[in-house]
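Enquirer: Submitted below is the structure of interest, expressed as structure tokens.
Please treat every number below as a calculation from the coordinates, not as lab data. Bear in mind that the values here come from a model prediction, so they are computed numbers and not experimental data.
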Amino acid sequence: MINIKSQTINTFLIVIGAAMLIYSLSYEQEEPYFQIGGLVLLMFGLYKSTQQWVSDNKRGDDENKDTKQDSVLEDHTDKK
């Protein structure tokens, strides 16, 4: 099951980090801390999002494996 609250927070971090990077790159002000902060927020949001996606896909794969194993067992019992 997808955790909507966690995904919303991760998406918000990605958007804010990307906005900070775009803003700092579009103006010629040299503010490395602003760029670093944007990059850190962007990367952290992406990292947490991919962790959530992987955990969601593992659950789906486990369910698919169970149904595949059941169908394989049925096929072998039918042949005997």
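Enquirer: Run the numbers for Met43 and Asn57: contour at 0.36 nm per residue of separation, minus the present Cα-Cα distance, in nm.
Expert: Residue separation times 0.36 nm, minus the Cα-Cα distance, leaves 2.9 nm.
Enquirer: On a full-extension model of 0.36 nm per residue, what is the gain between Leu25 and Gln7, subtracting their alpha-carbon distance, rounded to one decimal in nm?
Expert: Length gained, Leu25 through Gln7: 3.8 nm.
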